[in-house]
Amino acid sequence: LQAYRQRFGFSLAWRYALDRDEMVLKYKIRYLSTKFVLDRAGVIHYTDFRPASYNTWVQALATVGVSR
């Protein structure tokens, strides 16, 4: 994941986590590029499995109150 972050130029603030809670099974993830934006209660507000641009992330994160 660190190599992926570096290859595509994501900032050091880009976060990732190991799947200790079996989210792959829970959310039926089928693609490695699957992305979710969840609120603090765990409700999914955005799902995507295609490459996402910066503007896509800005819009997706705005759904849970995260702004630039």
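The values are calculated or read from the model by the stated rules, or taken from the named source; none is laboratory data. Everything numeric in this text was worked out from a predicted model, so none of it was measured. Cβ atoms come from the backbone with ideal geometry, glycine included; neighbour counts cover every protein chain shown. These area figures cover heavy atoms from the full protein model, side chains too; ligands, DNA and RNA do not enter into them. Shrake-Rupley method; radii C 1.70, N 1.55, O 1.52, S 1.80 Å.
Keeping to the range 8-17, report how many residues are within 12 Å of the chain's Cα centre (by Cα) and surrounded by 12 or more Cβ atoms within 10 Å (Cβ to Cβ).
Of the residues in the range 8-17, 1 are within 12 Å of the chain's Cα centre (by Cα) and surrounded by 12 or more Cβ atoms within 10 Å (Cβ to Cβ).
The residue that is nearest to the chain's Cα centre (by Cα), among those in the range 23-47 that are open to solvent by less than 70 Å² (accessible area, probe 1.4 Å) and small (Gly, Ala, Ser), is SER33. Are any residues in the range 16-68 in a loop (DSSP other than H, G, I, E, B), more than 21 Å from GLN2 (Cβ to Cβ) and among the aromatic types (Phe, Trp, Tyr), and if so, which ones? TYR27, PHE49 - these are the residues of the range 16-68 that are in a loop (DSSP other than H, G, I, E, B), more than 21 Å from GLN2 (Cβ to Cβ) and among the aromatic types (Phe, Trp, Tyr).
Just one of the numbered conditions (1) touching a strand residue (DSSP E or B) at 6+ places or on another chain (Cβ under 8 Å); (2) at pLDDT below 90 is not true of TYR46: (2).
I'd like the full set of residues that are among the polar types (S, T, N, Q) and assigned to a loop (DSSP other than H, G, I, E, B), limited to the range 1-15. Scanning the range 1-15 gives a single hit, SER11. Put simply, of ARG50, ARG5, ARG68, ARG20 the only residue that is open to solvent by less than 70 Å² (accessible area, probe 1.4 Å) and among the basic types (Lys, Arg) is ARG5.
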